[in-house]
1. Just for region 189-199: of the residues that are touching a helix residue (DSSP H, G or I) at 6+ places or on another chain (Cβ under 7 Å) and free of Cβ contacts under 8 Å to residues at least 40 places away in the same chain, which one is surrounded by the fewest Cβ atoms within 10 Å (Cβ to Cβ)?
2. Which residue out of 233, 254 is in contact with a Ser or Thr (Cβ under 6 Å, 6 or more places away or on another chain), crowded, with 20+ Cβ neighbours inside 10 Å, under 26 Å from residue 172 (Cα atoms) and modelled with pLDDT of 90 or more?
3. Residue 247 passes all but one of (1) assigned to a helix (DSSP H, G or I); (2) basic (Lys, Arg); (3) out of contact with any helix residue (DSSP H, G or I) (no Cβ under 8 Å at 6 or more places or on another chain); which number fails?
4. Please note which strands (runs of 3 or more DSSP E) are completely contained in region 308-408 and include at least 1 residues that are loosely packed, with under 10 Cβ neighbours inside 10 Å, modelled with pLDDT of 80 or more and on the phi < 0 side of the Ramachandran plot.
5. Would you point out which residue out of 81, 44, 33 is within 13 Å of residue 102 (Cα to Cα) and touching a strand residue (DSSP E or B) at 6+ places or on another chain (Cβ under 8 Å)?
6. Would you tally the residues in region 180-216 being of a type outside the set (A, V, I, L, M) and over 17 Å from residue 158 (Cβ atoms)?
7. Only one of (1) surrounded by 20 or more Cβ atoms within 10 Å (Cβ to Cβ); (2) touching a Leu at 6+ places or on another chain (Cβ under 7 Å) is not met by residue 165, so which one is it?
8. Any idea which of (1) in contact with a Phe, Trp or Tyr (Cβ under 8 Å, 6 or more places away or on another chain); (2) closer than 26 Å to residue 22 by Cα is the one residue 49 doesn't satisfy?
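The values are calculated or read from the model by the stated rules, or taken from the named source; none is laboratory data. These numbers come from a predicted model, not from an experiment. So basically every Cβ, Gly included, is an ideal-geometry build from the backbone, and we count neighbours across all protein chains shown.
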Amino acid sequence: MAAADTSPATREAPWPVALMSEKIAAWIERLGQVWIEGEVTQWQVRGGHVYGKLRDLQQDATVSFTVWRSVAQRLTSEFAQGDRVVALVKPNFWVKGGSLTVQVFDLSHVGIGELLERLERLRRQLQSEGLFDAERKRAIPFLPSLIGLVTGRDSDAEKDVIRNATLRWPGVRFKIHYAAVQGDRAAAEVSAGIEALDRDPEVDVIVVARGGGDFQNLLPFSDERVVRAAAAATTPLVSAIGHEADRPLLDEVADLRASTPTDAAKRIVPDVGEELAGLDQARARLSGRLGQLLAHEADRIAQLRGRPALAMPERIIDDRAEELVRWIARGTELAERGLEDRDRSLAEARSRLIALSPKATLQRGYAIAQLADGSVIRSPEDAPAGAALRLALAGGALGARSEGAESV
């Protein structure tokens, strides 16, 4: 068997299929890891592993590949069918099935895919910093007196913005900063234009305009320098790149996104005709409302004037005068009756007082005997013989002297 393994295969001494497969596997194993480039034509994920196929970009050649779960978890990008990729692989020949596959150890996009991958990383970074948040977007002024415009020199975008804005409001003014809008110089010149216009205190709003283009031509408007310059601007900024399919990152950070330069002019400058018509309508509504209010108040005044209190105000005075006379007569009557009652009560009290007074008793012939110190004599023993006495009578007082007690 060993001799058969090293001897060349002949018709009389052919190799077994297993021997040939093992030799193929050994030759492929010596190739080691290689970098290859191709287009993903199949991408299936099962159990965390990826199974797919990679096709040559120019010739009709395809190879199957496997990305084990441990490698797939380290990949930083999303991949799908149609992506152009470069991969670090190691070829493997499966002896039992006689098939060739490659094991992928690293995978990344190339060409447009690589650009998209970089843009997506930048998008996620800027979004995590909050530059896309709606809360930080500023309102566009209703009628900007001076519009800052960053655009290409003699471009259709410049003409569209100025023409449509002037048609809507003839008095609007522009301050234009010309910049390259594609190519290597575009990002630096556009960001410089944004910063220069933002420093001008007379500029009320900044418009960055370009008349569309393919994906690669729009790349400067996704450049980090341009996006951060727009985010740092204190003046409201409008992005008018004019491309619906591919939204550059400037659209995300701008305070307002316009679909085209013409749309930008319409959204930042009010139409004078529409505004005048709106004023006429508002004036008509105000006049009608004021007329209704005045008519309503006039009806109320007429109703108030028709009430008896206002139609014949003297009647209120007459009614109150009669009522006042009645109250005066009633008050006089009550006062006289009260005086009579008080006189009668006083006479009765006087009679009772007189009846109870000692003076009435004295008027009937009685006298009150008092000693010199004023004490009343109640018993003969109180006035021994010779004691000075004072007799109080109804008509006055008499002096006397006691002759002592007498038997009765």
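1. Going through region 189-199, the residues touching a helix residue (DSSP H, G or I) at 6+ places or on another chain (Cβ under 7 Å) turn out to be 190-191, 194-195.
Retained after the next criterion (residues that are free of Cβ contacts under 8 Å to residues at least 40 places away in the same chain): 191, 195.
On the way: 191: 23, 195: 16.
By that ranking, first place goes to 195.
2. 254
3. For residue 247, the exception is condition (1).
4. Here the list reads 397-401.
5. 33
6. Of all residues in region 180-216, those of a type outside the set (A, V, I, L, M) come to 182-185, 189, 191, 193, 195, 198-202, 204, 210-216.
From what's left, over 17 Å from residue 158 (Cβ atoms): 183-185, 191, 195, 198-202, 204, 214-216.
Residues flagged as of a type outside the set (A, V, I, L, M) and over 17 Å from residue 158 (Cβ atoms) within region 180-216 amount to 14.
7. (2)
8. That leaves (2) as the condition not met.
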